[in-house]
Amino acid sequence: MVALLSGILVDSSVGQDWPQWRGADRQNQSAETGLFEKWGRSGPVLDWTAEGLGSGYATVSVADGKIFTSGNTDSAQQVTAYSLDGTQLWATPITDVPPRHPYTGSRTTPTYHNGMLYVVSSGGAVCCLRADDGKKVWTRDFSEWGGKMMSVWGFSESPLVDGDNLICTPGGPTGMVVALNLKTGKDVWTCKLPNYDEEFGVNGKSLMDGAGYSSVVVSEACGVRQYVQLVGRGLLGIRASDGELLWRYSKVANGTANIPTPVTDGDYVFTSTAYNTGAALLKLVANGDGVDVEEVYWLDSKTFQNKLGGMTLVDGHIYCGHGNGSGLPICLEMKTGKVKWGPERAKGKGESSVIVADGHIIWRRQDGTVILTKVNSEKMEVVSSFKPEFQEDNSWAQPVISNGVMYLREQDKLMAFKLK
């Protein structure tokens, strides 16, 4: 079967890599098929479990016949590579000591591109490594741009490769978002925000300066290639060619933690944060050679708020967990803002992360429970659920599907479930 993914024809009957956070196009959907015929009531078959990842909440990327992730040891934060059978190939420290922040551990999912890996340490540095042996190529510390997080839980971005550039978010006054040369790490452009003191308290809220916990996505709205990123002061649109700030939307920002990666669709952007904030659908409109932003609708926090675990758009509908800590499954019609079903008190507890594949949605709850449902905007159609034998801490690492295997990270361990 041939499918269309990000404008590229792919054969979905064969396996596919998952080279970065939320997949090749950051839309969190796999084009693989034939994944769930053998998924019984007790779940899929556990093929192997690997150890030595270190502590953290990063998920995995899969490319070039290897699996990559990041984690903390007693002495450092590291990037680790495994073979597809779970054998550790190498581990490279990217910090001298483990970064200190609440919920210790790594956050960044390594981004693979042309034999290289790009990662952001939770302490605030971006690093390039060789994927074959883990050797460091270059490192830039976010302090060079006055790097800052909006709050205390550590840098959580998975950097974006776009053309010859690496896009990341130091959150500093001389570089809120920056583009770096992939090969050298040198500045291509920096995007700065206006003086923070002049805007403190916009929309009647005390906004936080610095980077958020989101990762950059690409939009082609209005024929302008731009990067959309959620930071402490809200949602930004940045022109890809030169780093010019095109538009901002502050209403979705809160003073605690802005987390979910935004969803882009044509000329539209959907965004949400929790801590009793809400969600919005935005329309981007051309303004000369620039872009303006218009609010289509706003949903209050009782109707829709996604804290962490992310949101995924399928056939015009947003699927995710709703609530500030409850993560109850919900389905929203993006165009209208109408809740089609939910929030559902499904099995499991806590936040929900999702991945979409082969006409189904896999929901991973914070307590480790995994639920398989069909993609259905009329009701939550549960196929089965299971809880892996091993579960530790908060199961916040999002599921990944690649080459017929589902990967679930649990701190120092990685479980690989055979789907086909």
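Values quoted throughout were computed directly from the atomic coordinates according to the rules given, and no laboratory measurement underlies them. Note that the structure is a prediction, hence the values are computed from the model and not measured. Neighbour counts are summed over all protein chains in view; Cβ atoms, including those assigned to glycine, are modelled from backbone coordinates with ideal geometry.
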* Hey, for a label at V218 modelled as a point 7 Å past Cα toward Cβ, could you say which residues of the stretch 266-305 have their backbone N under 15 Å away? => 266
* Please label the shape of the stretch 309-391 as rounded, prolate or oblate, based on the square roots a ≥ b ≥ c of the eigenvalues of the alpha-carbon gyration tensor (a/c under 1.5 means rounded; beyond that, a/b larger than b/c means prolate, else oblate). => prolate
* To do: Grab the beta carbon distance between W48 and E381, set R0 = 30 Å, and tell me the FRET efficiency rounded to 0.05.
  => 0.45
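Report the longest stretch of the chain that contains none of the GluC sites (Glu not before Pro) sitting in a DSSP loop with at most 12 other Cβ atoms within 10 Å.
Details: sites that count: E37, E378, E389, E392.
The longest uninterrupted stretch comes out as 38-377.
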* Options [x] 39, 27, 19; [y] 97, 21, 17; [z] 30, 26, 20 - which one matches semi-axes √(5λ) of the Cα gyration tensor in Å as calculated here -> [z]
* Structure fact -> By the C-alpha gyration tensor axes a ≥ b ≥ c (rounded if a/c is under 1.5, else prolate when a/b exceeds b/c, else oblate), the shape of the stretch 351-420 is oblate
* Report the net charge of residues surrounding V137, where surrounding means a beta-carbon distance below 10 angstrom and charges are Lys +1, Arg +1, Asp -1, Glu -1. => +4
* Just tell me which lysines come within less than 16 Å, Cα to Cα, of K148; anything on the same chain fewer than 8 places away is out. => K192
* **Point-charge dipole on Cβ atoms (K/R +1, D/E -1) for the stretch 309-391, about Cα centre, debye to 20** => 180
* Asked: What does a probe at T174 reach in the stretch 105-142, counting residues whose amide N is under 14 Å from the point 7 Å along Cα→Cβ?
  -> 141-142
* Asked: Roughly how many whole Å is it from the C-alpha centroid of the stretch 101-168 to that of the stretch 396-420?
  -> 22
* If Lys and Arg each add +1 and Asp and Glu each add -1, what is the summed charge of the other residues whose beta carbon sits under 11 Å from the beta carbon of E51? -> -1
* **Point-to-point label distance, N114-S250, nm (Cα→Cβ direction, 7 Å offset)** => 4.0
* Among I371, P98, M176, pick out the residue whose Cα is farthest towards the positive end of the charge dipole of the chain, where Lys and Arg carry +1 and Asp and Glu carry -1 on C-beta, about the Cα centre. => I371
* Sum up the lysine pairs in the stretch 309-391 that clear both bars: alpha-carbon distance under 28 Å and a spacing of 8 or more or different chains. => 18
* Structure fact -> Gyration tensor on Cα atoms of the stretch 380-420, a ≥ b ≥ c root eigenvalues, a/c under 1.5 rounded, else prolate if a/b beats b/c, else oblate, says oblate
